[in-house]
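Written below as structure tokens is the structure these notes are about.
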Amino acid sequence: MSATSPTTRLSPAARRGYGLGSVATGSFGTVPGLLLLPYLTDRLGVAAGLAGLVVFLPKAWDVLLNPVAGRISDRSTHPGGRRRPFLLRAGLALAACFALLFAGPTSPEGLATAWVVVLFLACATAYAFFQVPYVAMPAEMTDDYDERTRLMTWRVAILALAILVSGGLSPMVRDALGPEWGYRGVGVFVGVLIVVGAVGAWRGTRDTPFSTAATAGGSLSDQLRVVAASPPFRTLLTVFVLQALATGAMLAGVDYVARVLLGGGAASTVLFVCFVAPALLVTPLWQRLGEARGKRTGYVLGSVLLAVGALATVLSVRLGLAATAVTVSLVGVGYAACQMFPLAMLPDVAAADTAATGEARAGAYTGVWTAGETAGLALGPLLYAGILAAGGYVSSTDSEAVQPDSARLAITLGFTVVPALLVAASLVVLRRYRLDEEVAR
């Protein structure tokens, strides 16, 4: 296959079409992190430490599977394109598995837990074959440095909306339908959102020209060694994984902070909206900053805001919901940048490699990338569950257990100080990133 170049500028329809895939990634990436741990600890009665392992293990499987999925998509010769066919097939499979995730038995505890493990493992497998090709597409859709930022602006804006809808409404669906049907309703609701995202991205990019650079030769291990040898990729991945770990812990803590520290009710939805909604407003501003000052500068500023907001929440959570909403909104402003900029920088790294070698290994890059992201997002809830266990959190089947002061402290620290420290560590690493605009063109 001869190599051809993608267009420099994409049409608005192509940007919107690609961005629709974030409805699927945002929904699946958010709701399990938000509700699966509470489902296990406060619906099935699973101990916090074991519940953390249940959430973590299927994600750990994805860490191994994602590079394989990337290599398979790199080598695909499907008439519909190297990446796009995976969006439809894997997306629909993911939707079906997610609808079944919360539909299993609630007792005995062992059977109920096994159901969650098996179905979440199936979800993770399908998601790998959706997410990896999806993340690889921008490097093959455009060869322009700034156009990739514009493309990610659409993606992150739609991602924020998807997270807002899925994460904001899922607790409301659960509470409205009651203990027997609440979580099952969440499974169906999110499954429908995943279908919308998968089909939308598949159809929305059908008229977009893609690069047809030759597939890189060698085995999967050979490709992974090449990817691992890239200094800008190693730096960017390390930063992103640390921040994924931080945001994964914060997402896992939202429901606990709302129920235990802020009195429940609508607090969970309010905090979640404050965490995500700012991205709808500030993402275009982050785009302008990135075009004017560079992506790395924007990434640094966003990371600082995320860490400062998390630390400020240590104090605001003692003052009530209104004050906590303000500091969590500051976290949300930084979170928008920490989603957009690394996702815009990753295609720069992959495209620079293709320009230097003439071979396509974007799938290998994104396979390793999504494996790292998955590991971070999986370890975040596990870390938070470990903090809960250390604090003596009391599990139950009706969410009514009285928590000791040590558990309340653990809920606070896991949601604030620990994520802030992880983001601070990522900033130290980010200083080493050197792939600027001139190199990326």
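Data for the structure
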| item | result |
| --- | --- |
| Single condition TYR127 does not satisfy, out of (1) surrounded by fewer than 22 Cβ atoms within 10 Å (Cβ to Cβ); (2) of a type outside the set (A, V, I, L, M, F, W, C); (3) under 19 Å from the mean Cα position of the chain (by Cα) | (1) |
| The range 128-157, residues that are in contact with a Gly (Cβ under 6 Å, 6 or more places away or on another chain) and at pLDDT 80 or above | PHE130, VAL132, TYR134, ALA136, TRP154, ARG155 |
| Filtered residue count, the range 145-179, keeping only those that are hydroxyl-bearing (Ser, Thr, Tyr) and either farther than 23 Å from VAL254 by Cβ or without any contact (Cβ under 8 Å) to a residue 40 or more places away in the chain (or both) | 3 |
| Residue in the range 422-438 that is part of a loop (DSSP other than H, G, I, E, B), in contact with a Ser or Thr (Cβ under 8 Å, 6 or more places away or on another chain), under 25 Å from GLU109 (Cβ atoms) and modelled with pLDDT under 90 present | no |
| Count - residues of the range 384-406 that are surrounded by fewer than 22 Cβ atoms within 10 Å (Cβ to Cβ) and assigned to a helix (DSSP H, G or I) | 5 |
| Residue within the range 324-340 that is of a type in the set (Gly, Ala, Ser), modelled with pLDDT under 90 and in a helix (DSSP H, G or I) present | yes |
| Candidates ALA160, ALA214, filtered to the one that is modelled with pLDDT under 85, among the aliphatic types (A, V, I, L, M) and surrounded by fewer than 23 Cβ atoms within 10 Å (Cβ to Cβ) | ALA214 |
| Qualifying residue in the range 351-369 (condition: surrounded by fewer than 24 Cβ atoms within 10 Å (Cβ to Cβ), within 22 Å of VAL423 (Cα to Cα) and under 17 Å from the mean Cα position of the chain (by Cα)) | yes |
| Residue that is modelled with the highest pLDDT [pool: residues in the range 1-42 that are among the β-branched types (Val, Ile, Thr) and under 22 Å from VAL195 (Cα atoms)] | VAL23 |
| Selection from the range 368-416 of residues that are aromatic (Phe, Trp, Tyr) and out of contact with any Gly (no Cβ under 9 Å at 6 or more places or on another chain) | TYR393 |
| Count - residues of the range 306-322 that are under 21 Å from LEU280 (Cα atoms), surrounded by fewer than 19 Cβ atoms within 10 Å (Cβ to Cβ) and not β-branched (Val, Ile, Thr) | 1 |
| Flag for SER268 being closer than 30 Å to SER395 by Cβ and not hydrophobic (A, V, I, L, M, F, W, C) | yes |
| Residue match in the range 350-361 (condition: assigned to a helix (DSSP H, G or I) and touching a Leu at 6+ places or on another chain (Cβ under 6 Å)) | no |
| The range 247-277: number of residues that are closer than 16 Å to LEU159 by Cβ and either acidic (Asp, Glu) or surrounded by fewer than 22 Cβ atoms within 10 Å (Cβ to Cβ) (or both) | 2 |
| Subset of the range 91-102 [out of contact with any Leu (no Cβ under 7 Å at 6 or more places or on another chain), in contact (Cβ under 8 Å) with a residue 40 or more places away in the chain and surrounded by fewer than 24 Cβ atoms within 10 Å (Cβ to Cβ)] | LEU92, ALA96, ALA99 |
| Single match in PHE129, PHE98, PHE86 (criterion: closer than 17 Å to GLY26 by Cβ, in a helix (DSSP H, G or I) and touching a Phe, Trp or Tyr at 6+ places or on another chain (Cβ under 9 Å)) | PHE98 |
| Matching helices (runs of 4 or more DSSP H) fully within the range 5-74 where at least 1 residues are in contact with a Pro (Cβ under 7 Å, 6 or more places away or on another chain) | 37-42, 48-74 |
| Selection within the range 198-211 - modelled with pLDDT under 80 and either surrounded by 13 or more Cβ atoms within 10 Å (Cβ to Cβ) or not in a loop (DSSP other than H, G, I, E, B) (or both) | THR208, PRO209, PHE210, SER211 |
| ARG83 vs. criteria touching a Pro at 6+ places or on another chain (Cβ under 6 Å) and touching a residue at least 60 places away in the same chain (Cβ under 8 Å) | yes |
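The values are calculated or read from the model by the stated rules, or taken from the named source; none is laboratory data. What you see is a predicted model, and the numbers here were worked out from it, not measured in a lab. Reconstructed Cβ throughout: ideal geometry from the backbone, glycine too, with neighbour counts over all protein chains shown.
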